[in-house]
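Accompanying notes for the structure given below.
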Ligand code: HEC
Ligand code: HEC
């Protein structure tokens, strides 16, 4: 009798696990991504683009690596480090995939971009000819002037060292050259 009851209970429990559709897993990631919208924007436009980068439509492997780097201290941010540490390791890839699958926010109509600075050619080898990124290099086109200038300066000053090449590249440019590149990229 007891045996029968317990196997019924077990059977019911097993059925429940199997019945959980993948849609729930997607809902769960969506719920975990919800707090990100407070800063990165409900429609992908950051609430303060000068300090907060666009993550909608950004390169997936790059997003994943940044979350990992914020967690393990290879990239430091007073804001992002604690947020990334609160995420479960097993969710990082799913969260990165979730944001990478979104569409980069459309640009509001603006003036024609300035002509490309000549030092931009070397960036295109990794960040792609259209500067919209490709594994593993992130999209640069359309990030704000302030965010780009600050991250390029952080690499040059070796404050951001979570990549071996970027600090060297940025160190070889003058601040003036970096800012001209940032100006150009932000207008794309
Ligand atoms: C309180 C505001 C805030 C919240 C909430 C927030 N972020 Fe951020 N995020 C930032 C800021 C500011 C930066 C830039 C950090 C820096 O460069 O020092 C950033 C940077 C990032 C980057 C690096 C992007 C790049 O281009 O280098 C990723 C990835 C990221 N955030 C993902 C997330 C995810 C995922 C969540 C939600 C789990 C989240 N953020 C929640 C403010 C926030
Ligand atoms: C050898 C390949 C390579 C070249 C060449 C290169 N980059 Fe990068 N860049 C990368 C990679 C990879 C990353 C991601 C680093 C990380 O993991 O944080 C990156 C990151 C960046 C970031 C940070 C973006 C963000 O969202 O925080 C900026 C800005 C940047 N590069 C600008 C440039 C510019 C400007 C040039 C040309 C002068 C350039 N890069 C040349 C590979 C390259």
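Here are the numbers:
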read-out: Residue check, residue 117 buried (at least 16 other Cβ atoms within 10 Å of the Cβ) and modelled with pLDDT under 95; value: yes
read-out: Test: residue in segment 105-127 that is in a loop (DSSP other than H, G, I, E, B) and near ligand 1 (Cβ under 9 Å from one of its atoms); value: no
read-out: Verdict on residue 167 being in a loop (DSSP other than H, G, I, E, B) and not assigned by TED's automatic domain parsing to the domain that holds residue 63; value: no
read-out: Segment 69-82 - residue that is in a helix (DSSP H, G or I) and within 10 Å of ligand 1 (Cβ to nearest atom) and, of those, farthest from residue 188 (Cα to Cα); value: 82
read-out: Extreme residue, nearest to the chain's Cα centre (by Cα), among residues of segment 141-159 that are within 9 Å of ligand 1 (Cβ to nearest atom) and buried (at least 19 other Cβ atoms within 10 Å of the Cβ); value: 143
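Every residue, every condition in (1) outside the structural domain of residue 187 (by TED's automatic domain parsing); (2) surrounded by fewer than 18 Cβ atoms within 10 Å (Cβ to Cβ); (3) within 15 Å of ligand 2 (Cβ to nearest atom); (4) free of Cβ contacts under 8 Å to residues at least 24 places away in the same chain, yes or no:
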{"site": "34", "(1), (2), (3), (4)": "yes, yes, no, yes"}
{"site": "45", "(1), (2), (3), (4)": "yes, yes, no, no"}
{"site": "50", "(1), (2), (3), (4)": "yes, yes, yes, no"}
{"site": "54", "(1), (2), (3), (4)": "yes, no, yes, no"}
{"site": "58", "(1), (2), (3), (4)": "yes, no, yes, no"}
{"site": "70", "(1), (2), (3), (4)": "yes, no, yes, yes"}
{"site": "77", "(1), (2), (3), (4)": "yes, yes, yes, yes"}
{"site": "85", "(1), (2), (3), (4)": "yes, yes, no, yes"}
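Each row is one residue, and each column tells you yes or no for (1) closer than 15 Å to residue 102 by Cα; (2) over 8 Å from the mean Cα position of the chain (by Cα); (3) assigned to a loop (DSSP other than H, G, I, E, B).
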residue: 61; (1), (2), (3): yes, yes, no
residue: 66; (1), (2), (3): no, no, no
residue: 84; (1), (2), (3): no, yes, no
residue: 91; (1), (2), (3): no, yes, no
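The values are calculated or read from the model by the stated rules, or taken from the named source; none is laboratory data. Predicted model only: the values in this text are computed from it and were never measured. Cβ atoms come from the backbone with ideal geometry, glycine included; neighbour counts cover every protein chain shown.
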